[in-house]
């Protein structure tokens, strides 16, 4: 607890830390239940426009389901001669990174007794289209650099917030996917 935190007021960042820690304890002793498979489907609409959805996934040893199907339209902007019906796939990666890290910030802050008032992540990725467009085979198709910058208003010192960010980054699945090689196979059914 920091000097700015009122000790008589409980911290509430909207995260059920007791449930998370309980799940960690249970899954420590039931490792097979910790194996999850998430599935996304994508349906082409027209041109570069498609729609990706998630609904069901496997975990805790059984088929699971979100309470609703969630979908997002994906497209390219007009500057790429596309109709701009949604975010680009590369932008969705930045959004996923921001969402995963921010969920971690809220969870870690709650666990450490740090009250958040506002959290904003600005994520920028630098990319040279010479790779995607086949202009230069030596230029990679993806981001060459990604920067995540947080603006956090909380009852916490700068050092405490830096520690929260470090722990969030350490536990982020999306950060791991982006920063470590992942085996990906693309197949025709």
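The values are calculated or read from the model by the stated rules, or taken from the named source; none is laboratory data. These numbers come from a predicted model, not from an experiment. Every residue, glycine among them, receives a Cβ derived from its backbone with ideal geometry; neighbour counts consider all protein chains shown.
Residue 98 - would you say it is within 24 Å of residue 180 (Cβ to Cβ), touching a strand residue (DSSP E or B) at 6+ places or on another chain (Cβ under 8 Å) and exposed (fewer than 14 other Cβ atoms within 10 Å of the Cβ)? Step through it out loud before you land on a result.
Values: within 24 Å of residue 180 (Cβ to Cβ): yes; touching a strand residue (DSSP E or B) at 6+ places or on another chain (Cβ under 8 Å): yes; exposed (fewer than 14 other Cβ atoms within 10 Å of the Cβ): no.
No.
Given the criterion in contact (Cβ under 8 Å) with a residue 40 or more places away in the chain and assigned to a strand (DSSP E or B), identify the matching residue among 178, 122, 152.
After applying the criteria, what remains is 152.
Tell me yes or no: at least one residue of region 3-13 is more than 17 Å from the chain's Cα centre (by Cα), at positive phi and not in a strand (DSSP E or B).
Start the filter on region 3-13 by keeping residues that are more than 17 Å from the chain's Cα centre (by Cα), which leaves 3-13.
This time we only want the ones that are at positive phi, so: none.
No, region 3-13 has no match at all.
What number of residues in region 43-52 are under 20 Å from residue 93 (Cα atoms) and either in contact with a helix residue (DSSP H, G or I) (Cβ under 8 Å, 6 or more places away or on another chain) or surrounded by 14 or more Cβ atoms within 10 Å (Cβ to Cβ) (or both)?
Within region 43-52, the subset under 20 Å from residue 93 (Cα atoms) is 43-44, 48-52.
After this cut, where a residue has to be either in contact with a helix residue (DSSP H, G or I) (Cβ under 8 Å, 6 or more places away or on another chain) or surrounded by 14 or more Cβ atoms within 10 Å (Cβ to Cβ) (or both) as well, the list is 48-52.
Number satisfying all stated conditions: 5.
Could you identify the single residue in 116, 161 that is out of contact with any helix residue (DSSP H, G or I) (no Cβ under 6 Å at 6 or more places or on another chain), over 30 Å from residue 80 (Cα atoms) and modelled with pLDDT of 95 or more?
Details: 116 fails: out of contact with any helix residue (DSSP H, G or I) (no Cβ under 6 Å at 6 or more places or on another chain).
Step by step, each of 116, 161 is checked, and only 161 is out of contact with any helix residue (DSSP H, G or I) (no Cβ under 6 Å at 6 or more places or on another chain), over 30 Å from residue 80 (Cα atoms) and modelled with pLDDT of 95 or more.
Would you confirm whether or not region 128-137 contains a residue that is touching a residue at least 40 places away in the same chain (Cβ under 8 Å), out of contact with any helix residue (DSSP H, G or I) (no Cβ under 8 Å at 6 or more places or on another chain) and surrounded by 12 or more Cβ atoms within 10 Å (Cβ to Cβ)?
Step one: of region 128-137, the residues touching a residue at least 40 places away in the same chain (Cβ under 8 Å) are none.
For region 128-137, residues touching a residue at least 40 places away in the same chain (Cβ under 8 Å), out of contact with any helix residue (DSSP H, G or I) (no Cβ under 8 Å at 6 or more places or on another chain) and surrounded by 12 or more Cβ atoms within 10 Å (Cβ to Cβ): absent.
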